[in-house]
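Note sheet for the following structure.
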Amino acid sequence: MSRIGIINCSNIAGELDCAAVVCLGDMRKRKGFFNSYSKEESLELIGIISCAGCPTAIFPEKILRKVDAIASFRVDAIHFSYCMVNLCPFINKYVDVISAVYPDIKLVMGTHTPHDKDKFHSSVKKCLTRVGKNATDIIKGNV
């Protein structure tokens, strides 16, 4: 059994109401970045946390408070969500900080199957500037 944690973008979760539906669906179906786990191996979702938020340029270590919340439950791997991998300017700093404190936790750069990055960026921008649009609209292609 692998014990999994997911870190999502606090802006996407908070501003666009993302419920990690696609991330969790691909975990359940062993698609995307979950396809490297054996079909016979059970995956246990330990928790989903949001990043520490922007800006973290001067203090990326604040992510550790968030990671501590799931690491204390013996997480084997932490997946950075698709939105983190494609939007976060601090992700490399987060990886460095987490790896230094938790060298035994595998860090995976993705969750669900990647989509067109430019289209994703455009959809996020449109949703953030339109009242009533959220991550569900991005997922369903309603942007």
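The values are calculated or read from the model by the stated rules, or taken from the named source; none is laboratory data. Worth saying up front: this structure is predicted, and the values here are computed from it rather than measured. Cβ atoms come from the backbone with ideal geometry, glycine included; neighbour counts cover every protein chain shown.
Here the condition is being in contact with a strand residue (DSSP E or B) (Cβ under 7 Å, 6 or more places away or on another chain), free of Cβ contacts under 8 Å to residues at least 40 places away in the same chain and of a type in the set (Val, Ile, Thr); of 95, 101, 143, 108, it holds for 95 alone.
One line per residue, one yes/no per condition, for (1) under 16 Å from residue 6 (Cα atoms); (2) assigned to a loop (DSSP other than H, G, I, E, B):
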| site | (1), (2) |
| --- | --- |
| 55 | no, yes |
| 107 | yes, no |
| 112 | yes, yes |
| 119 | no, no |
| 122 | no, no |
| 138 | no, no |
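Quick grid of which residues meet (1) within 27 Å of residue 134 (Cα to Cα); (2) among the hydrophobic types (A, V, I, L, M, F, W, C); (3) assigned to a strand (DSSP E or B):
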{"position": "4", "(1), (2), (3)": "yes, yes, yes"}
{"position": "17", "(1), (2), (3)": "yes, no, no"}
{"position": "36", "(1), (2), (3)": "no, no, no"}
{"position": "39", "(1), (2), (3)": "no, no, no"}
{"position": "67", "(1), (2), (3)": "yes, yes, no"}
{"position": "74", "(1), (2), (3)": "no, no, no"}
{"position": "84", "(1), (2), (3)": "yes, yes, no"}
{"position": "94", "(1), (2), (3)": "yes, no, no"}
{"position": "97", "(1), (2), (3)": "no, yes, no"}
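Considering the conditions (1) modelled with pLDDT of 90 or more; (2) surrounded by 18 or more Cβ atoms within 10 Å (Cβ to Cβ); (3) more than 24 Å from residue 28 (Cβ to Cβ), residue 112 is excluded by exactly one of them, (3). Of all the residues in region 118-134, those that are within 13 Å of residue 86 (Cα to Cα) and either surrounded by 12 or more Cβ atoms within 10 Å (Cβ to Cβ) or among the β-branched types (Val, Ile, Thr) (or both) number 6.
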